[in-house]
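Visitor: If you scroll down you'll find the structure; I have some questions about it.
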Amino acid sequence: MIPLALEELRGLGRLETAADEATGVEIDSRRVEPGDLFVAVGRGCDYLEEAQARGAAATLVPDDAFVAMAAIGLAVRNRSSAEVVGITGSTGKTSTKDILAALVRPHRRTVAAEASFNAELGVPLTLARLEPDTQLLIAELAMRGFGQIRELCEIARPTLGAITAIGPVHLEFVESVAGVAKAKAELLDALPPGAAAIVPAGITELEPYLRGDLNVIRVGQDVRLLGFEDGRVEADVRGERVELATPFRARHQAENTVVALAVYTALGLPLDRVQDGAAGIELSRLRGEEIELSGGGVLINDCWNANPASMTAALRDLVSRTNGGRRLAVLGGMAELGAEGPRYHREIGRLLSDVDHAIAVGELARDYGAEEWVADANEAAERLAALVQPGDVVLVKGSRSVGLERVAAKLKS
């Protein structure tokens, strides 16, 4: 981290210092290294001594954790001249971030958000990884309602923005897809004049927010997927044909790759060298991880989260698999869809006709109308373990609240 004078943090809470400056920030005492500032978020107060024993330069018990982390993140951001790419969207933002980070690293000294460090704590932690020589930072920006992306942009100060998709997510808080577009477009509002804005083509709800002083690049129009087979992505990037070998089998990851290519070219990086970083592509865990099972089967572990768009993409990928075994799905409910939730679950349920067997998990999932329904992830894990056969392809996907990682863990073991 760009060194931060600890004196600047006074007034944010109870600060205890063993040095004059910090060279890193952590909220998990197990990750503290010498020179770090440990911010005691939540139960972090119980681990102050552990952080100090690990060499923390200071510990901070904040009066307000979000306010303190925002102040720290902004203080580091203000010391950096790095370009900042802000990525948001209803689906695919974490995978797009992962793909983009791999593609740009051979060309720019890059910091990218870990996993889904994309909210009030995660974005400041990402900013706190900026070094004096960092040239590019890739920030993932999440929202659960209006105003949240705007607040994150106030500290991240993006110089380029990308919206991966607009779809029915968080409707409990924003009411409609138009509301989703309005909330996501807070990223566009934050961009400086002349900045590149990568957006999906054909989304009418976004059009009112596309300022005339932005360099708008539409994915599906200016940059588009031409073909995808055996992991090889073919794309048209503003008139130039690009081929890229990836580790993916799922088409929706190829579509995320095209968004990453749009950002890559907007950064002015050489398309003839885009393959240089492709070998380093590694997706964050629980997002379409493919794990070999005994007998030639495959577990598609995509249980980080779910909404109608991502669930549709995952099921279409599942039914496209033709390795000789059955296609099984373990599906948790999709949270935060408000009054329209049952309808969206029924629509997903219609896609199950092409799946050999489906297990729905939890109350929200009843509306899928699957062959089986179980109450929780533990019951689903036991049922799937008894059901799976050699050669089967198994998709595990649902909202985080369902805890389907237990199903995947049981199957792997």
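Visitor: Quick check: the distance between the Cα centres of the range 183-199 and the range 372-406, to the nearest angstrom?
Guide: The two parts, judged by their Cα centres, are 39 Å apart.
Visitor: In addition: Which residue, chosen from Phe66, Ile359, Ala313, occupies the Cα position most advanced towards the positive end of the dipole of the chain, where the dipole is computed from +1 (Lys, Arg) and -1 (Asp, Glu) charges on Cβ about the Cα centre?
Guide: Projecting each Cα onto the dipole axis, the largest value belongs to Ala313.
Visitor: Which value at 222 nm does the chain reach when only helices count, each DSSP H run of 4 or more adding -39,500 (n - 2.57), with the total divided by all residues and rounded to the nearest 500 deg cm²/dmol?
Guide: On the way: 13 runs with 121 residues, N = 413.
Result for the chain, helices only: -8500 deg cm²/dmol.
Visitor: Send over the semi-axes of the chain's equivalent ellipsoid, whole angstrom and largest first, taken as the square roots of 5 times the C-alpha gyration tensor eigenvalues. Please list the in-between numbers first.
Guide: On the way: eigenvalues 252, 147, 88 Å².
Equivalent ellipsoid of the chain: 35, 27, 21 Å, largest first.
Visitor: Still on this structure, I have one more. Tell me, what does the Kirkwood hydrodynamic radius of the range 1-68 come to in angstroms if you use every pair of distinct C-alpha atoms? If you can, show how the numbers build up before the last one.
Guide: Working: mean 1/r = 0.0880 Å⁻¹.
Averaging 1/r across every pair of different Cα atoms and inverting gives 11.4 Å.
Visitor: In terms of modelled amide H atoms, which long-range or inter-chain residues lie less than 5 Å from the amide H of Val223?
Guide: For Val223, the qualifying residues are Arg218, Arg238.
Visitor: Continuing with the same structure: I'd like the carbon and sulfur percentage of the solvent accessible area for the chain, probe radius 1.4 Å, heavy atoms only, ligands and nucleic acids excluded. It would help to have the intermediate numbers written out before the result.
Guide: Numbers: 7770 of 17220 Å².
The nonpolar share, carbon plus sulfur, comes to 45 percent.
Visitor: Now, a different point. Using a Gaussian network model of the chain with C-alpha springs under 10 Å, which one of Gly280, Gly167, Gly55 is most mobile by mean-square fluctuation?
Guide: The residue with the greatest mean-square fluctuation here is Gly55.
Visitor: Please work out the average accessible area per residue across the chain, using the 1.4 Å probe convention, and give it in Å². Walk me through the intermediate numbers first.
Guide: Details: 17220 Å² over 413 residues.
Result: 42 Å² of accessible area for each residue.
Visitor: Go through 45-54, 17-26 and give me the packing order, highest mean Cβ count within 10 Å leading.
Guide: On the way: 45-54: 15.2, 17-26: 18.0.
With the highest mean Cβ count within 10 Å placed first, the list reads 17-26, 45-54.
Visitor: Quickly rank 318-330, 91-103 as a protection proxy: mean count of other C-beta atoms within 10 Å, highest first. Intermediate results must be reported in sequence, preceding the final value.
Guide: On the way: 318-330: 18.4, 91-103: 25.6.
Going by the mean number of other Cβ atoms within 10 Å, highest first, we get 91-103, 318-330.
Visitor: Given the options Leu331, Leu271, Leu206, state which has the largest fluctuation in a GNM of the chain using a 10 Å cut-off (strictly under) for Cα springs.
Guide: With Cα springs under 10 Å in the chain, the top fluctuation among Leu331, Leu271, Leu206 is at Leu271.
Visitor: Could you state, as a whole-number percent, how many of the C-alpha pairs of the range 1-148 are farther apart than 21 Å?
Guide: On the way: 4730 of 10878 pairs.
It works out to 43 percent of all Cα pairs.
Visitor: Using θ = phi - 60° and the Karplus relation 6.51 cos²θ - 1.76 cosθ + 1.60, list the HN-Hα couplings for the range 250-261 in order, rounded to whole Hz, with x at every Gly or Pro.
Guide: Per-residue couplings from phi come out as 8, 4, 5, 6, 5, 5, 5, 4, 5, 4, 4, 5 Hz.
Visitor: Would you kindly derive the ³J(HN,Hα) couplings of the range 277-283 from the backbone phi angles with the Karplus curve 6.51 cos²θ - 1.76 cosθ + 1.60 (θ = phi - 60°), listing them in order in whole Hz, with x for Gly and Pro?
Guide: x, 4, 5, x, 5, 9, 6
Visitor: List the residues of the range 58-94 whose backbone N lies under 16 Å from a point placed 7 Å from the Cα of Asp20 along the Cα-to-Cβ direction.
Guide: 58
Visitor: Turning to a different aspect of this structure: Compute the distance in nm between two label points, each set 7 Å from the Cα along the Cα-to-Cβ direction, one at Asp64 and one at Gln135.
Guide: Label at Asp64, label at Gln135, 3.9 nm between them.
Visitor: Now for a different question. Taking the Cα centre of the chain as origin, sum charge times position over the Cβ atoms of Lys and Arg (+1) and Asp and Glu (-1), and report the length of that vector in debye to the nearest 20.
Guide: Numbers: 44 positive and 60 negative charges, 143 e Å.
For the chain, the charge dipole is close to 680 debye.
Visitor: While we're on this one: Could you order peptides 232-238, 349-355, 251-257, 149-155 by the average number of other Cβ atoms within 10 Å of their residues, highest first?
Guide: Details: 232-238: 18.3, 349-355: 15.0, 251-257: 24.1, 149-155: 20.4.
Result, highest mean first: 251-257, 149-155, 232-238, 349-355.
Visitor: Still on this structure: Distance in nm between label sites at Cys45 and Ala245, each 7 Å beyond Cα in the beta-carbon direction?
Guide: Here the modelled spin labels are 5.6 nm apart.
Visitor: If you place +1 on the Cβ of every Lys and Arg and -1 on the Cβ of every Asp and Glu, how big does the dipole about the Cα centre of the range 204-263 come out, in debye to the nearest 20? Working shown, then result.
Guide: Numbers: 8 positive and 11 negative charges, 16 e Å.
Dipole size: approximately 80 debye.
Visitor: For the chain, what does the relative contact order come out to in percent, with C-alpha contacts under 8 Å and a separation of six or more? Show your work: numbers first, answer last.
Guide: Details: 943 pairs, mean separation 50.5, N = 413.
In percent, rounded to a whole number, it is 12.
The values are calculated or read from the model by the stated rules, or taken from the named source; none is laboratory data. Computed from a predicted model, the values in this text were never measured in an experiment. FYI the Cβ positions are ideal-geometry reconstructions off the backbone, even for glycines, and counts take in every protein chain you see. What goes into the accessible areas is simple: the full protein's heavy atoms, side chains included, and nothing from ligands, DNA or RNA. Shrake-Rupley method; radii C 1.70, N 1.55, O 1.52, S 1.80 Å.
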